[in-house]
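Read the structure below first, then the notes.
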Amino acid sequence: MINEGHEVASHSYCHTKFSTGDYERSKKALEAITGVGVVGYRSPRMAGADSEGLARAGYKYDSPTNLCRWPGKSENFKAEIGGSKGRRRR
């Protein structure tokens, strides 16, 4: 998968129960399994993520939602952690 140009990103350590330690725990587990750095994060169920927590864990971007319409959910662009790239549309 990686050799074909795909990126490995985190979707949290546990999909149903979240704790702030999951950002780092998930990143470390994926890096140990794949042998590549993980820089992207996407929360389960399109929930928001703590950008400061993601930055502390070493993520470079947060991909909060799909770029498609889901009833009742906002549309967002990939947002750089700590930067001004990416913007939210509602």
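The values are calculated or read from the model by the stated rules, or taken from the named source; none is laboratory data. The structure presented is a predicted model; accordingly, all values stated were derived computationally and were not measured. Note: ideal-geometry Cβ built from the backbone for every residue, glycine included; neighbour counts use all protein chains shown. Heads up: the accessible areas ignore ligands, DNA and RNA and are worked out on the full protein's heavy atoms, side chains in. Shrake-Rupley method; radii C 1.70, N 1.55, O 1.52, S 1.80 Å.
I need the full set of residues from the stretch 13-28 which are at pLDDT 90 or above, more than 16 Å from Ser63 (Cα to Cα) and touching a Ser or Thr at 6+ places or on another chain (Cβ under 7 Å), in order please.
The one that is at pLDDT 90 or above, more than 16 Å from Ser63 (Cα to Cα) and touching a Ser or Thr at 6+ places or on another chain (Cβ under 7 Å): Asp22.
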Tell me which of these Tyr23 doesn't satisfy, since it passes every other one: (1) within 10 Å of the chain's Cα centre (by Cα); (2) in a loop (DSSP other than H, G, I, E, B). (2)
So which pairs qualify, if the first residue must be in the stretch 34-45 and in contact (Cβ under 8 Å) with a residue 24 or more places away in the chain and closer than 13 Å to His6 by Cα, the second must be outside any helix (DSSP H, G or I) and of a type in the set (D, E, K, R), the Cβ gap must be under 6 Å, and the two must be at least 6 apart or on different chains? Val39/Lys60
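Can you tell me which residue within the stretch 29-49, out of those that are in a helix (DSSP H, G or I), farther than 18 Å from Asp62 by Cβ and open to solvent by 50 Å² or more (accessible area, probe 1.4 Å), is modelled with the lowest pLDDT? Explain how you work it out, then say what you get.
Of the stretch 29-49, the ones in a helix (DSSP H, G or I) are 29-34, 44-46.
Filter once more, keeping what is farther than 18 Å from Asp62 by Cβ: 29, 32-34.
Next cut, open to solvent by 50 Å² or more (accessible area, probe 1.4 Å) only: 32-33.
Numbers: Ala32: 97, Ile33: 94.
Once the filter is applied, the top-ranked residue is Ile33.
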Inside the stretch 50-90, the number of residues satisfying the requirement of being modelled with pLDDT of 55 or more and on the phi > 0 side of the Ramachandran plot is 2
